[in-house]
Amino acid sequence: MTNIDQKQNVQQLQTIEIELLLEAIYRHYEYDFRNYAAPFLQRRILNRMAAEKLKTVSGLQEKILHDPLAMERLFHDFSINVTEMFRDPSFFKILRKKVIPLVREYPAIRIWHVGCGSGEEVYSMAILLHEEGIYEKTKIYATDINKVNLDKAKQGSFPLEKMKRYTTNYIQSGGEKAFSEYYSVKNELAAFHSFLKKNMVFFQHNLVTDQSFNEFHIIICRNVMIYFNKKLQNHVHQLLYESLFSSGFLGLGNREEVRFTDYAGHYEVLHSEQKLYRKNK
């Protein structure tokens with residue numbers, strides 16, 4: 001057997017092991033990662049194997065099946081959400097200019113933040129809506145698969161060292177005040193004021209297995225589906241479509257779009273660069 005053949009054999013074996021690991025997780029813990037993107041899963045699994053000092057995926061499977069804490073660690077690896085306040089400031093700027101004027105006169109506004117992580121973008125949205133004078137009539141539903149992330153988000157406290165970066169993002173997004181007005185400093189944390197939390201609801205929701213739970217005027221689902229394969233992306237797009245009011249707005253991440261999904265014909269492009277869409281059917 002040549003070196004190339006040996007390498008291919010090892011890769012094929014690892015692919016089988018990963019499939020068995022995901023099936024074991026689904027059967028034993030009822031978490032379904034089977035349609036997540038293969039490169040993403042492989043990276044996270046190999047990193048977890050190194051952290052657990054294991055040589056094979058099969059060894060990781062044995063450990064997580066018999067050690068729930070090891071499963072928690074792997075689950076956290078799979079559900080890490082990279083975020084920051086006013087992430088991609090131009091997205092929030094376009095949201096102010098293109099979407100807010102169209103929903104301003106609604107008697108009540110419902111927004112769903114999908115895969116909210118530790119909540120930075122949810123608080124960003126609350127600040128934007130407050131400055132636009134419509135937060136009082138808005139309810140923000142923020143969901144994530146990871147309870148640890150949700151617990152952090154509910155606290156509304158973020159490392160003080162990040163505020164310089166967040167302030168820059170805020171200004172670039174069209175922020176109108178001194179960003180420091182929105183938080184107080186407590187033990188090296190920036191604790192955001194309670195009035196921002198009053199219209200937020202945080203709870204667990206699994207995009208793979210859970211159904212739509214309401215109708216929304218705006219859905220923000222940014223940098224979530226990049227971790228899914230095409231089958232799961234279409235499933236999630238169906239869920240988002242069914243969860244939007246007629247003429248509702250959908251905001252995706254800069255590497256995501258509806259163009260190559262089954263729902264491409266159901267939206268008009270509001271802003272192509274910032275991946276903002278409006279439901280038209």
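Before moving on, here are some points about what is shown:
- Pairs of alpha carbons in region 130-281 separated by more than 26 Å make up 35% of all such pairs.
- If R0 is taken as 30 Å, the Cβ-Cβ distance between residue 50 and residue 168 corresponds to a FRET efficiency of 0.30.
- With N counted as the residues of the chain, its alpha-carbon radius of gyration over 2.2 N^0.38 Å works out to 1.10.
- Backbone N within region 41-77 under 19 Å of label point (7 Å from residue 9 Cα along the Cβ vector): 56-58
- Scattering profile of region 208-273 at q = 0.12 Å⁻¹ [log10 I(q)/I(0), Debye over alpha-carbon scatterers]: -0.27
- Alpha carbon convex hull of region 1-93, projected area averaged over orientations, nm²: 8.4
- Aspartates and glutamates with Cα under 18 Å of residue 53, excluding same-chain neighbours fewer than 8 positions away: 17, 62, 67, 72, 77
- Each Lys and Arg Cβ is given +1 and each Asp and Glu Cβ -1; about its Cα centre, the chain then shows a dipole of about 500 debye.
- Overall form of region 133-192 per C-alpha gyration tensor (a/c, 1.5; a/b vs b/c): oblate
- Distance violations [Cα-Cα > 21 Å] among 154/198; 97/177; 93/198; 97/279: 93/198
- When peptides 208-217, 230-239 are sorted by average Cβ neighbour count within 10 Å, with the highest value leading, the order is 230-239, 208-217.
- Under Karplus coefficients 6.51, -1.76 and 1.60, residue-wise ³J(HN,Hα) of region 15-24 in Hz, glycine/proline x: 4, 4, 4, 5, 4, 5, 4, 5, 5, 5
- A helix-only calculation puts the chain at -13000 deg cm²/dmol for mean residue ellipticity at 222 nm, using -39500 (n - 2.57) for each DSSP H run of at least four residues, averaged over all residues.
- The distance separating the Cα centre of region 193-249 from that of region 44-88 comes to 24 Å.
- Taking amide H positions as modeled 1.01 Å from N, with prolines and chain starts lacking one, the residues under 5 Å from residue 216 and 5 or more places away or on another chain are 244, 245.
- Contour minus Cα-Cα distance for residue 23 and residue 177 (0.36 nm per residue): 50.4 nm
- Taking 0.36 nm per residue of sequence separation and removing the Cα-Cα distance, the residue 184/residue 102 pair yields an extension gain of 26.2 nm.
- Its Cα gyration tensor gives region 68-179 an equivalent ellipsoid. The semi-axes, each the square root of 5 times an eigenvalue, are 27, 17, 11 Å from largest down.
Coordinate-derived values only; no laboratory data. These figures come from a predicted structure and were not determined experimentally. Glycine gets a Cβ as well: all are built from the backbone with ideal geometry, and neighbour counts include every protein chain shown.
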